[in-house]
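For reference, the structure is listed below as structure tokens.
The values are calculated or read from the model by the stated rules, or taken from the named source; none is laboratory data. Here the structure is a predicted model, which means the values were calculated and not measured. Cβ placement follows ideal geometry from the backbone for every residue including glycine, while neighbour counts extend to all protein chains displayed.
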Amino acid sequence: MAGVLVLNATFEPLAVVSIRRAICLLLGEKVELVRSSGRKVRSERLSLDEPSVVRLGRYVSVPYQRNRAPSRRGIFARDRHRCQYCDGAAETLDHVVPRSRGGGHTWDNLVAACRRCNAAKRDRLLPDTPMRLAGRPGPPPPSVWIEVAAGTIPESWEPFLVDKRRSA
Ligand SMILES: [Zn+2]
């Protein structure tokens, strides 16, 4: 279901749009073609390279996504589907500070966790357990939203997303 990755003029990933929308932007000269999928788009009047990545001609400033409410998909994408305690495959969301102890449903208090770690932690605070977090959780970078929006990341997008990914 991946569409076309739209980059800001600064090459910062911005959004994912449909191929049809990207072609409109291209024909309207709002964007330039950065990467093609290798396929051709043909209609009666034109034949052009099917876009995979396009870049805006003019910079747009985007409100930061910090205020966006945390979602299960967003947390899993940010944490690369790994348990933030043991690096195993994550299946659950864990509140680092348990809700029963006043922990919020926020980006900096939610992590992906495997069932085993989640169960072992129970409603204790981290210092009362032998468990440690892989990194400090926080709001995800824009590339995570791109991944959530697209479902899968085509290879041609990787160079534009890879640097922005969390290394933790
Ligand atoms: Zn675990």
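How about the stretch 97-163: which helices (runs of 4 or more DSSP H) wholly inside it have at least 3 residues that are modelled with pLDDT under 95?
The qualifying helices (runs of 4 or more DSSP H) are 142-150, 158-161.
Listed by first and then second residue, the pairs with beta-carbon distance under 6 Å, at least 6 apart or on different chains, first residue in the stretch 21-41 and of a type outside the set (A, V, I, L, M), second in a helix (DSSP H, G or I), are Arg35/Ser156.
A single entry from Val17, Val31, Val53 fulfils the requirement of being farther than 30 Å from Gly135 by Cβ, under 18 Å from the mean Cα position of the chain (by Cα) and either of a type in the set (Ser, Thr, Tyr) or in the same structural domain as Pro154 (by TED's automatic domain parsing) (or both): Val17. Among the numbered conditions (1) under 30 Å from Phe160 (Cβ atoms); (2) within 16 Å of the ligand (Cβ to nearest atom), the only one that His95 does not meet is (1).
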